[in-house]
Amino acid sequence: MKRNWMMITMVAMGLFMAGCGSNTAEVPVEETVVEAVVEEVEVSADPVDMSILALKGPTAMGMVSFMYGVDSGEITDNNYDFSIIAAVDEVAAMLVKGEADIAALPANMASVLYNNTEGAIQVLGVNTLGVLYLVENGDALESIADLEGKTIYASGKGATPEYALMHILAENNLADSVTIEWKSEHAECVAAVAATEGAIAMLPEPFVTTAKMQNPDMRVAIDLNDAWEEMQGDVEDKSALITGVLVANRGFVEENTEALEMFMDHYNDSVLYTKEDVMGAAELVGKYEIVTQQVAEIALPACNITWVTGDDLVDQLGGYLAVLMEQNPASVGGALPADDFYYIGE
């Protein structure tokens with residue numbers, strides 16, 4: 001920012017000297033300088049190079065319109081470079097090394113990185129709410145209470161899926177009466193449900209849609225977003241079930257605030273497009289090979305893509321991280337992030 005102000009000052013001095021030598025209009029010199037400086041800043045601001053990483057899944061789906069706008073030449077205010085990566089560990093490593101400026105990450109990992117880098121990571125907004133669902137091969141499951149005495153096949157032990165499920169079971173007094181059989185992959189959970197009448201699995205979108213296309217007898221019984229929301233009731237510290245967030249390197253944020261605000265505006269527009277034109281967004285999701293267009297057309301409405309920023313970001317994400325902290329401090333990096341973790345914006 002200091003360099004920008006120095007540039008503005010130098011432009012102003014140059015214009016002032018030029019005006020003294022050639023301007024004969026009866027206009028105060030000060031006004032001429034101010035008007036020229038404003039015009040010069042608007043015209044000559046250099047585009048900012050911005051590297052953005054998205055995970056292959058719902059956290060990338062919300063930005064497909066933005067990506068297409070860049071690729072088609074419609075968005076040119078900055079130099080946006082998008083990459084879609086399958087492995088979350090790779091995304092985290094690139095961000096910490098400074099090889100990326102902005103990245104989509106699981107909500108709890110953003111907190112872990114903040115703590116592990118002494119605050120070098122800042123969260124910009126929530127981009128994906130809960131994408132977890134309980135599915136079954138049957139029709140016995142209608143509410144969380146029906147889980148008593150049942151076995152749930154699930155993957156994601158030690159990560160968000162486990163913390164979310166255990167919190168919901170505990171709040172419904174079912175932690176000791178439900179058996180969870182952890183699998184290493186979602187596909188194993190699907191196979192277990194397909195092979196056992198009445199079996200239950202916890203799966204994320206868009207994997208739910210893929211599984212249902214392969215096994216029409218499988219049905220979505222419970223949306224864990226709804227189960228989480230039902231628990232809020234009169235709870236003083238509200239929270240939301242959150243899957244993904246968008247984070248940035250603090251140094252990049254501090255040096256490129258104006259460009260960052262442009263990015264966030266484009267991102268918001270992209271999310272709105274994804275919600276309002278599901279078919280168009282699904283085509284772009286297929287184009288960028290996140291999932292097939294056929295799967296995206298069905299899965300997108302259930303992926304809970306959103307864009308939550310500002311004070312709402314603090315309330316929703318802060319409440320969610322507090323829930324995880326209570327279950328397992330290591331899940332958020334040992335401590336809740338300080339207030340400077342949240343980018344509130346201008």
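Of all the residues in segment 114-145, those that are charged (D, E, K, R) and over 23 Å from Asn215 (Cα atoms) number 1. Exactly one residue out of Pro216, Pro206 is modelled with pLDDT under 95, within 20 Å of the chain's Cα centre (by Cα), over 24 Å from Asp315 (Cβ atoms) and outside the structural domain of Tyr80 (by TED's automatic domain parsing), and it is Pro206.
Looking at segment 243-269, which of the residues that are among the aliphatic types (A, V, I, L, M) and part of a strand (DSSP E or B) is surrounded by the most Cβ atoms within 10 Å (Cβ to Cβ)? If we take residues in segment 243-269 being among the aliphatic types (A, V, I, L, M) and part of a strand (DSSP E or B), then Val247 is surrounded by the most Cβ atoms within 10 Å (Cβ to Cβ).
Tell me, please, whether a residue that is free of Cβ contacts under 8 Å to residues at least 12 places away in the same chain and under 19 Å from the mean Cα position of the chain (by Cα) can be found in segment 246-265. Within segment 246-265, one or more residues are free of Cβ contacts under 8 Å to residues at least 12 places away in the same chain and under 19 Å from the mean Cα position of the chain (by Cα). Find the residue count for segment 313-346, including only residues that are in contact (Cβ under 8 Å) with a residue 40 or more places away in the chain and either hydrophobic (A, V, I, L, M, F, W, C) or touching a Cys at 6+ places or on another chain (Cβ under 7 Å) (or both). Qualifying residue count, segment 313-346: 11. For segment 57-88, the set of residues classified as assigned to a loop (DSSP other than H, G, I, E, B) and either at pLDDT 95 or above or buried (at least 18 other Cβ atoms within 10 Å of the Cβ) (or both) consists of Gly57, Gly62, Met63, Ser72, Gly73, Glu74, Ile75, Thr76, Asp77, Asn78, listed by residue number. If you go through segment 168-193, how many residues are closer than 22 Å to Phe207 by Cα and within 29 Å of the chain's Cα centre (by Cα)? Going through segment 168-193 one residue at a time, the tally reaches 12. Out of the residues in segment 171-229 that are polar (S, T, N, Q) and in contact (Cβ under 8 Å) with a residue 40 or more places away in the chain, which is nearest to Ala240 (Cα to Cα)? Per the stated criteria, the residue is Asn225.
Sort out which residues of segment 294-335 are closer than 30 Å to Phe207 by Cβ and outside any helix (DSSP H, G or I), and write them in order of number.
Initially, segment 294-335 is screened for residues closer than 30 Å to Phe207 by Cβ, giving 294-309, 312-313, 315-333.
Hits for segment 294-335 are Cys303, Asn304, Ile305, Thr306, Trp307, Val308, Thr309, Asn328, Gly333.
Just give me the residues in segment 89-107 being assigned to a helix (DSSP H, G or I) and buried (at least 22 other Cβ atoms within 10 Å of the Cβ), in sequence order. Once the filter is applied, which keeps residues that are assigned to a helix (DSSP H, G or I) and buried (at least 22 other Cβ atoms within 10 Å of the Cβ), segment 89-107 yields Val91, Ala92, Leu95, Ala107.
The values are calculated or read from the model by the stated rules, or taken from the named source; none is laboratory data. No experiment lies behind these values; they were computed from the predicted model shown. In this analysis, Cβ positions are derived from the backbone assuming ideal geometry, glycine residues included, and neighbour counts consider all displayed protein chains.
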